[in-house]
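Structure first, then comments.
The values are calculated or read from the model by the stated rules, or taken from the named source; none is laboratory data. Owing to the predicted nature of the structure, the values given are computational and were not obtained by experimental measurement. With ideal geometry, Cβ positions are generated from the backbone for all residues, glycine too; neighbour counts draw on all protein chains shown.
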Amino acid sequence: MKTFLLLLIVLTASVAAHAESAPTSSASAPGKLWATDLAAFINQNPRGHWIVGVCAQPALSAAEAESFARANAADQIIPLIDQSVRRVVPASLIRQQVIIALNNDGWIADRIVQSDDRPYGTIWRESILLDGSPRKLDELSRRIQLLARREQGRRAAMLGGGSVLFILVFVTYLLLNWLTRGYLRLRLAMILIAIMAIGMALIAGLTHLV
């Protein structure tokens with residue numbers, strides 16, 4: 001009986017000790033210097049041009065946490081884009097290209113993903129370390145500028161092609177309306193409007209291919 005009580009006491013003490021030492025949350029504390037002390041990390045790695053993007057709000061999935069971290073990183077990168085590019089290129093296009101670059105161009109040097117189990121679900125957070133070197137920024141600026149020029153050319157081509165098509169359709173309408181003495185005015189208008197719509201769709205498709 002005494003042996004049984006002794007074993008029970010030892011077992012209870014062991015369980016209690018394990019419960020005290022076990023973390024109360026599944027979140028792991030960041031163990032990387034750039035996440036805990038960016039200034040110290042920069043001092044140790046002076047050749048890099050480091051940017052840290054963080055998930056500033058709770059996310060309900062790892063993918064959402066990653067998206068928040070990338071958006072935060074993009075907010076820090078956009079002001080570093082060449083000012084001459086930012087003056088003439090729409091902000092929406094710049095942000096779109098920055099996000100694409102973060103996904104594909106090797107900007108992310110390291111990351112930390114954390115999860116925290118709560119009674120109502122798991123909360124996710126993510127931090128990403130970016131290598132924002134001048135070379136990468138220059139490449140990104142040139143790419144954005146090139147895309148902006150292409151977009152301007154496409155719009156100019158659509159405007160020019162649409163104007164020529166409108167003139168041709170309008171002149172055709174006047175000629176056919178004169179030949180039919182106005183009897184088919186409504187039908188002609190409907191047909192030519194349909195031709196105009198089809199023509200504009202074709203022009204838009206061709207300009208996207210260029």
Might you check whether a residue that is among the polar types (S, T, N, Q) and assigned to a helix (DSSP H, G or I) occurs anywhere in region 118-140? no
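Conditions (1) without any contact (Cβ under 8 Å) to a residue 24 or more places away in the chain; (2) crowded, with 16+ Cβ neighbours inside 10 Å; (3) more than 30 Å from G48 (Cα to Cα), marked per residue:
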residue	(1), (2), (3)
D110	no, no, no
V113	no, no, no
G162	no, no, yes
L174	yes, no, yes
Right, I99: touching a residue at least 24 places away in the same chain (Cβ under 8 Å), touching a helix residue (DSSP H, G or I) at 6+ places or on another chain (Cβ under 6 Å) and within 26 Å of L146 (Cβ to Cβ) or not? yes
Is region 155-169 home to any residue that is touching a Ser or Thr at 6+ places or on another chain (Cβ under 7 Å) and not assigned by TED's automatic domain parsing to the domain that holds I51? yes
Residues that are under 30 Å from H49 (Cβ atoms), assigned to a loop (DSSP other than H, G, I, E, B), in contact with a strand residue (DSSP E or B) (Cβ under 8 Å, 6 or more places away or on another chain) and in the same structural domain as V54 (by TED's automatic domain parsing): does region 77-90 have at least one? no
Qualifying positions in region 59-74 - loosely packed, with under 14 Cβ neighbours inside 10 Å and in a helix (DSSP H, G or I): A63
